[in-house]
Amino acid sequence: MDKIDYSKRSFAYYPTNAIVVSRCIDGEWTKAEVTTDFNLSVHCFAGVFHYAPSCFEGLKAFAGVDGKVRLFRPDENAKRMQNSAAYMDMPAPSEKLFVDMCETCIRENWEHIPPYESGATLYLRPILFGSNPQLGVHSSKDSTFVVMCSAVGTYSGDKLLAPTTSVISRNYDRAATYGSGCYKLGANYVQSLHAYNLAHASGYRDLLFLDTATHTHIDEFGTSNFFAIKGNTYITPKSNTILPSITNKSLRVIAADLGMSVEQRPVAVDELADFDEVCSCGTGLIVTPMHTIDDKPTLEGSEITRSYHFGSPEECGPWALKIYTRMMEIQRGIAPDTYGWCRFIEK
């Protein structure tokens, strides 16, 4: 493990030792089982294959500067998964079962935790899906909960805080106005894949979705929340179609403590012209600065009706850098965790 060059790793699957599995059958959760078999045995009539009752989470374990391992805000991920499952009317693990299984997964894969000096992290991916055999269109009564992990680098393989480009999606939507956008369902992500592929084929790293009803307000990026800086104000959209990002929630607290004003409100797309900094934020990278956001009538077309530019194409903006640095220092044990966000894990 000491010979791994983590600088060459992206946000991808890399083999580890084991996963942790529990099943809810007839309302009762089985004891969590550690297995080295990464192939799940699932009935072909399981609801997940037919009507897509599934959701997932993402959180990270960090090797700290002090040699201690920290898991960042797992209680918040547990609550968010419960909300997602409630929307699908299917059983969800308790907060205790969720956190315990995450801790077990870390311990079973301890030697895969990247060293502090690498800058890499152990990413945990808890998944929940409907697993009882069914044919009719209805919610799954049984579910399977699995926690797996992978030692990852940056999301795209680029260096941290490297400014990137995005394009506005005007002819594809991510989530319906009264739909499931505020839940971390697999179905919400598959909805965005075709549009994402079109954006990537045109050379853009990211894709910015607008509200479905009017296409006049910013929703979120395809894989993460949106925030902007104007003066000393941190601005992020508020909408019932936006996933409540735990990273964004944490950054808002940090921004306020750094002396910034914080606004969570509807954000008109035309406001892009007034922002000093624009970033995406999420578990994968914490903060990704945007240098350019293009507005196109269609993702398939070549016409660009307007381009918005923010700061330097080479460096992260000053406020986003301050916020990122404080967050990273808390996660890595460089600065005191005055919020009680980190959970210490012992082998």
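Assorted remarks:
- Test: residue in region 119-131 that is in contact with an Asp or Glu (Cβ under 7 Å, 6 or more places away or on another chain), closer than 27 Å to K238 by Cα and in the same structural domain as A78 (by TED's automatic domain parsing): yes
- Applying the criterion of being assigned to a loop (DSSP other than H, G, I, E, B) and under 21 Å from the mean Cα position of the chain (by Cα) to the residues of region 17-60, the residue that is surrounded by the most Cβ atoms within 10 Å (Cβ to Cβ) is P53.
- Residue match in region 105-126 (condition: farther than 30 Å from V278 by Cβ and of a type in the set (G, A, S)): no
- Matching entry among E315, E271, E300 (being assigned to a helix (DSSP H, G or I) and either surrounded by 13 or more Cβ atoms within 10 Å (Cβ to Cβ) or more than 24 Å from the chain's Cα centre (by Cα) (or both)): E271
- Only a single item in (1) farther than 22 Å from M260 by Cβ; (2) part of a loop (DSSP other than H, G, I, E, B) is not met by T292, and it is number (2).
- Qualifying residue in region 109-124 (condition: surrounded by 23 or more Cβ atoms within 10 Å (Cβ to Cβ), among the hydroxyl-bearing types (S, T, Y) and not in a helix (DSSP H, G or I)): yes
- Counting the residues of region 318-338 that are surrounded by fewer than 20 Cβ atoms within 10 Å (Cβ to Cβ), aliphatic (A, V, I, L, M) and more than 14 Å from L160 (Cβ to Cβ) gives 2.
- Against the criterion of being within 24 Å of Y339 (Cα to Cα) and acidic (D, E), E108 does not qualify.
- Count of residues meeting criterion [assigned to a strand (DSSP E or B) and surrounded by fewer than 23 Cβ atoms within 10 Å (Cβ to Cβ)] in region 125-134: 3
Conditions tested, residue by residue: (1) over 14 Å from the mean Cα position of the chain (by Cα); (2) β-branched (V, I, T).
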residue: S150; (1), (2): yes, no
residue: A162; (1), (2): yes, no
residue: G179; (1), (2): yes, no
residue: H194; (1), (2): yes, no
residue: A199; (1), (2): yes, no
residue: D211; (1), (2): yes, no
residue: I218; (1), (2): yes, yes
residue: T236; (1), (2): yes, yes
residue: P244; (1), (2): no, no
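- Boolean, A199 is aliphatic (A, V, I, L, M), closer than 19 Å to C55 by Cα, surrounded by 14 or more Cβ atoms within 10 Å (Cβ to Cβ) and not assigned by TED's automatic domain parsing to the domain that holds A78: no
- Of the strands (runs of 3 or more DSSP E) entirely within region 141-234, those holding at least 1 residues that are of a type in the set (D, E, K, R) occupy 206-210, 218-221, 225-230.
- Meets criteria (in a helix (DSSP H, G or I), at pLDDT 95 or above and touching an Asp or Glu at 6+ places or on another chain (Cβ under 9 Å)) for V99: yes
- Inter-residue pairs, beta-carbon under 9 Å, first in contact (Cβ under 8 Å) with a residue 60 or more places away in the chain and under 21 Å from F56 (Cα atoms) and in region 104-128, second charged (D, E, K, R) and not in a strand (DSSP E or B), 6+ apart: I106/K347; R107/E346; R107/K347; L124/E57; R125/E57; P126/E57; I127/E57; L128/E57
- N232 being closer than 18 Å to E263 by Cα and surrounded by 21 or more Cβ atoms within 10 Å (Cβ to Cβ): no
- Those residues of region 255-271 which are without any contact (Cβ under 8 Å) to a residue 40 or more places away in the chain and either hydrophobic (A, V, I, L, M, F, W, C) or not assigned by TED's automatic domain parsing to the domain that holds D294 (or both), in sequence order: A256, V262
- Any hit, region 293-308, residues being on the phi < 0 side of the Ramachandran plot, in the same structural domain as N225 (by TED's automatic domain parsing), in contact (Cβ under 8 Å) with a residue 40 or more places away in the chain and touching a Phe, Trp or Tyr at 6+ places or on another chain (Cβ under 6 Å): yes
- Any hit, region 242-256, residues being in a loop (DSSP other than H, G, I, E, B) and in contact with a Leu (Cβ under 6 Å, 6 or more places away or on another chain): no
- Of all residues in region 24-42, at least one satisfies being closer than 30 Å to R332 by Cα and polar (S, T, N, Q).
- Where S41 falls short, out of the listed (1) more than 26 Å from W341 (Cα to Cα); (2) out of contact with any Pro (no Cβ under 8 Å at 6 or more places or on another chain); (3) touching a residue at least 12 places away in the same chain (Cβ under 8 Å): (3)
The values are calculated or read from the model by the stated rules, or taken from the named source; none is laboratory data. Just so we're clear, the structure is a prediction, and the values are computed from it rather than from any experiment. Cβ sites come from the backbone with ideal geometry, for glycine too, and all protein chains shown count toward neighbours.
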